[in-house]
1. Send over a whole-number figure in Å² for the accessible area per residue of segment 250-588, probe 1.4 Å.
2. Give the dimensionless ratio obtained when the Cα radius of gyration of the chain is divided by 2.2 N^0.38 Å.
3. With the contact rule set at Cα under 8 Å and sequence spacing of 6 or more, what percent relative contact order holds for the chain?
4. Rounded to the nearest 0.05, what FRET efficiency do residue 291 and residue 432 have when you use their Cβ-Cβ distance and R0 = 25 Å?
5. Need one number: nm distance between label points at residue 340 and residue 42, each 7 Å from Cα along Cα→Cβ, rounded to one decimal.
6. Note down the magnitude of the dipole of the chain about its Cα centre, charges +1 on Lys and Arg C-beta and -1 on Asp and Glu C-beta and zero elsewhere, to the nearest 20 debye.
7. Given a Förster radius of 30 Å and the C-beta distance between residue 247 and residue 466 as r, what FRET efficiency does 1/(1 + (r/R0)^6) yield to the nearest 0.05?
8. Percent antiparallel among DSSP beta bridges with both residues in the chain, to the nearest 5?
Amino acid sequence: MCGIVGYVGKKEAQDVLVGGLRRLEYRGYDSAGIATLDDNDEAHLARSVGKISELSSVLEKAPQTGHLGIGHTRWATHGGVTETNAHPHHAGDIYLVHNGIIENYKELKAELKDYDFASDTDTEVLAALIDSNYKDGVSLKDAVAKSLKRIRGTYGIAVFSPKEPGTIVVARLGSPLIIGLGHGETLIASDASALLGYTREAIYLNDGELAVCTKDGAEVFSLDLKHLDSKPETIEGNVEQIQKSGYDHFLLKEIMEQATTLHNTLSGRINPKLGKMHLGGPNLTEKEMRDINHVVIVGCGTAYYAGLLASYFMEQLVPDLTTEVVIASEYRYRSFHLPKNSVALIVSQSGETADTLACLREIKKRGIKTLGIVNAVGSTIAREVDGGTYVHAGPEISVASTKAFTAQVVAMLMFGGMLAEYHGGDPKLIAEYTRELSILPEEIEKTLNTHRETMEQLAKKYAKYDDALYLGRDTAYPIALEGALKLKEISYIHAEGYASGELKHGPIALIDDRFFEVFTILDNWLFDKACGGLHEVRARGGKTIILTNSKADIEADDIVRIDSPIKLLAPILLNTLQQLLAYYIAIERGNDVDQPRNLAKSVTVE
Ligand code: F6R
């Protein structure tokens, strides 16, 4: 949600900033802007509504020169999507970009009577506040620190002033800020992907820290201006991972590369010969593993659905385990109680989701061990959990989450498999899950390649519908929820996911010929029950697509059968078909699949 970049060094700042913003565009794409300082210490500002390409057109007509600057791509929270509300904001001598929300901006605005505010944003108020403190003899660093002490809310900011050329001051509280250290140049970004290809060395700022950046590096301080030691860390990933690599869209690339990313998730963590799984990250002693009797899984959206599917697997594997899967935005405000021997799995692709992070902090306050199931290395959640595991899906650029879902389910399943060893879990079942995991990447590859064209054809047929219902039972139920979410996000078709057993309890009233239904039916002991409802739906004019690994006869308008030795993990395979279906339907409807309307990749505000 919103992206920040900054640069000070030898290169033309405009080029670095626009390049960085393009990489961060997936985080927000309502409007964008940059501010630079030229070699005569004069500042220049350019902003535009729309995508980065709009900003580029503005800059083509009026290029900016200079070797220092800041930039921003916005996802509106305060004020509409207008050029005036776009960042950077400017007040007096201050140029500022900001991610996050200043909760007390109205109160501060009322105090700042000497300023004429042009925008409706909280950020402009912060710029004015810093400017009001930036008087005779006060340094930019001191003015920023003094101002931030008055702020209630969250921020990641980058600030410069023509009065102190060569310096950018950055700070963070609840919104990520990373400082890339190059040779004779320093970059700033809210997301490490903007730094790839420039440097591998970076300082990840912690909450409550501020840094003064020059071309020679960065010095880190607390808001009380105490000098802090900061150890640079290595940025993971490479430039190829953030390119489309021949695909039309990041979404299709991320769906199709799941076999490879899953190899990374599994690497060194399963031993099919011994029939065992092992994660190094949880950092729990044998006694702690044995004592765990309750697992609470926390996430939002797709991460929540991944948790739900994993909970079915964990319950099968660990005989005495209770699992609870919760939506972070709800849980954070509930008066929840957790048994003493609980462990919390905090699931997040970005590692920055505000509600999930808030839950993590609430759970920690109750003295419960927290483990991260996180994709983005070095993210806030990854840094604050007690232990955990990176899912290693690589950068996920498309807004709709696909490969991260698969990796999250698998990472949590491996945690379950490991836990099962300490809880008298059935060794045969653990071994069978391990065996299936070991062939899952190849089976995903096969499924995607075999059925890609079919899903494209089906999309042509179903793209015209207004409504869709996704249904599944047992481990296909979380898949139904995830399938509906994927479709609605990128195709804008109204879609709902339901447990198929619930059909008769309400949703069947909706069915008519405007609906199509996607039934995910697994070849298992619940097969007959999972087929229940199909006839009723067809009798009411609903069109049905079946995704299944069963060879049995099923009456439906369209059936996609996968042929795979995988049984327990079949819902993961069938979900990849739903991903393709959503993708091709969105394409058929002419939508922007990578950057769907109203959405942003990482929801760092409530
Ligand atoms: C769905 C989607 C969202 C995210 C959710 C959590 O395609 O992308 O529902 O899954 O916002 O995000 P993370 O995993 O970054 O916490």
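The values are calculated or read from the model by the stated rules, or taken from the named source; none is laboratory data. Not measured: the values here are computed from a predicted model. Here Cβ is always computed from backbone atoms with ideal geometry, including for glycine, and neighbour counts include all displayed protein chains. Side chains included, ligands, DNA and RNA excluded: accessible areas come from the protein's heavy atoms. Shrake-Rupley method; radii C 1.70, N 1.55, O 1.52, S 1.80 Å.
1. 36
2. Ratio of Rg to 2.2 N^0.38 Å for the chain: 1.01.
3. Value for the chain: 12 percent.
4. 0.45
5. 7.2
6. My answer is approximately 880 debye.
7. For residue 247 and residue 466, the calculated efficiency is 0.55.
8. Counting DSSP beta bridges with both partners in the chain, the antiparallel share is about 60 percent.
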